[in-house]
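The values are calculated or read from the model by the stated rules, or taken from the named source; none is laboratory data. Remember, it's a predicted structure, so these values are computed and weren't measured experimentally. All Cβ positions, glycine included, derive from the backbone under ideal geometry; neighbour counts span all protein chains shown.
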Amino acid sequence: MPEWQIERGIGETRAALLDQGEIVEARILLDGAVRAETVLDARLKQTAAPAIALAGGVEYLLPHGAPGVAEGGALRIAVTREAIPGAEPWKRPLARATDEPTGPAPQIDGLETAFPADAGWDDLIEQARSGFVDFRGGLLRISPTPAMTLIDVDGTLPPAELAVAGAAAAARAIRRLDIGGSIGIDLPTLAGKAPRQAAAAAIDAYLPQPFERTAVNGFGFVQIVRPRNRASLLEIWSDRPAAEARALLRRAALSGAGPRRLAAHPRVIAALAAQPAWLDALARQLGGPVTLRGDPALAMSGGHVEPA
């Protein structure tokens, strides 16, 4: 039976739903992020659309406003979408007015563990880095955009067969990479109703509810809308220096005990240096000091752990 397993690391918590040893759903929860479903006391900063509430120094957009609350007035808000990486204003966190008691978001209920090296995270993270997901007979190219996440299906199979295989692979990738919101899948152009229905059925078979979708049109395009209350793994990895820094900390924490030196691209080193609490936590885990070494010859993902 599928079960959630949770690894609490430095700077992030990784959660994976495992089914027969395979990650079928995954989340990366960043330390310090205010989770969806958190209820906060706030002040109404702006009543004109879009209404804005301020809590803990963070602005939250209120799509439905705050009826009955004057500008500057106190109110309580429930976070409906966490902050999403990126500069677009619509990616600011969202919330709604509520009278619920303040409190943190519910925690994922699962077994706390340290994921073994063969747990599948390395492959999943590489997919988040690159946006490429292989499947038998084809390849997905996944591209987050301001409007939606686009998934292009390409391969060598006959069009009808590729459409079904690609639709199934896309549905699995959406779940594994924690992609929400509006999603467009570009399948091969399909002649006839039956192959289009077969591709749609593959999505329904592999992507759990809740979601809505259109029919697959004659050009092979289908749109899916899923709840979106946090960043996908691809969006988290769009902040490459910070994401690679946390991944390097994880490798170091699993490298044994004693002093360590972290060697990485200078941008990754800068991200680490900006978070002294992360380095202090790693030093406590290792039982020895942690030093940093920048190397511009290393790729962003090429950081490694050295004995100090």
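Being assigned to a loop (DSSP other than H, G, I, E, B) and either touching a residue at least 24 places away in the same chain (Cβ under 8 Å) or surrounded by 22 or more Cβ atoms within 10 Å (Cβ to Cβ) (or both) is the filter here; which residues of the range 257-286 pass it? Listed by number, the residues that qualify are 257, 258, 259, 265, 275. Among residues of the range 75-102 being surrounded by 11 or more Cβ atoms within 10 Å (Cβ to Cβ) and among the small types (Gly, Ala, Ser), the one that is modelled with the lowest pLDDT is 86. Can you tell me which residue within the range 52-64, out of those that are of a type in the set (Gly, Ala, Ser) and at pLDDT below 95, is surrounded by the fewest Cβ atoms within 10 Å (Cβ to Cβ)? Going through the qualifying residues, I end up with 57.
Among the residues making up the range 157-175, those that are more than 9 Å from residue 203 (Cα to Cα) and within 18 Å of the chain's Cα centre (by Cα) are 173, 174, 175. When the range 130-154 is limited to residues that are in contact with a Phe, Trp or Tyr (Cβ under 8 Å, 6 or more places away or on another chain) and crowded, with 18+ Cβ neighbours inside 10 Å, the one that is farthest from residue 246 (Cα to Cα) turns out to be 140. Of the residues 250, 230, 196, the single one that is assigned to a loop (DSSP other than H, G, I, E, B) and surrounded by 15 or more Cβ atoms within 10 Å (Cβ to Cβ) is 230.
Sub-8 Å Cβ pairs linking a first residue in the range 131-157 that is in contact (Cβ under 8 Å) with a residue 60 or more places away in the chain and acidic (Asp, Glu) to a second residue that is surrounded by 15 or more Cβ atoms within 10 Å (Cβ to Cβ) and not in a strand (DSSP E or B), at least 6 apart or interchain, number zero.
Residue-wise test of (1) of a type in the set (D, E, K, R); (2) within 30 Å of residue 285 (Cα to Cα).
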{"site": "1", "(1), (2)": "no, no"}
{"site": "11", "(1), (2)": "no, yes"}
{"site": "25", "(1), (2)": "yes, yes"}
{"site": "37", "(1), (2)": "yes, no"}
{"site": "57", "(1), (2)": "no, no"}
{"site": "76", "(1), (2)": "yes, no"}
{"site": "81", "(1), (2)": "yes, no"}
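In the range 227-252, the residues that are within 19 Å of residue 302 (Cβ to Cβ) reach residues that are basic (Lys, Arg) with C-beta atoms within less than 7 angstrom, at least six apart or across chains, in these pairs: 237/129; 241/267; 252/260.
Filtering the range 248-277 to residues that are of a type in the set (A, V, I, L, M, F, W, C) and over 16 Å from residue 306 (Cβ atoms) leaves 270, 271, 273, 274, 277.
The residue list 138, 103, 120, 131 contains one member that is small (Gly, Ala, Ser) and more than 30 Å from residue 162 (Cβ to Cβ), which is 103.
Would you check if residue 10 is farther than 30 Å from residue 118 by Cβ and of a type in the set (A, V, I, L, M, F, W, C)? No: the conditions fail for residue 10. So is residue 40 under 20 Å from residue 77 (Cβ atoms), buried (at least 19 other Cβ atoms within 10 Å of the Cβ) and in contact with a Ser or Thr (Cβ under 7 Å, 6 or more places away or on another chain) or not? The answer is yes for residue 40. Only one of these conditions is not met by residue 221: (1) closer than 18 Å to residue 141 by Cβ; (2) touching a strand residue (DSSP E or B) at 6+ places or on another chain (Cβ under 6 Å); (3) surrounded by 22 or more Cβ atoms within 10 Å (Cβ to Cβ). Which number is it? Going through (1) closer than 18 Å to residue 141 by Cβ; (2) touching a strand residue (DSSP E or B) at 6+ places or on another chain (Cβ under 6 Å); (3) surrounded by 22 or more Cβ atoms within 10 Å (Cβ to Cβ) one by one, residue 221 breaks only (3).
Might you check whether a residue that is touching a residue at least 40 places away in the same chain (Cβ under 8 Å) and of a type in the set (Gly, Ala, Ser) occurs anywhere in the range 165-179? Spell out the reasoning first.
Going through the range 165-179, the residues touching a residue at least 40 places away in the same chain (Cβ under 8 Å) turn out to be 167, 172-179.
Next, from what is left, pick out any that are of a type in the set (Gly, Ala, Ser): 167, 173.
Yes, the range 165-179 has at least one match.
Mind listing whichever residues of the range 280-296 are under 13 Å from residue 269 (Cβ atoms) and aliphatic (A, V, I, L, M)?
290, 292
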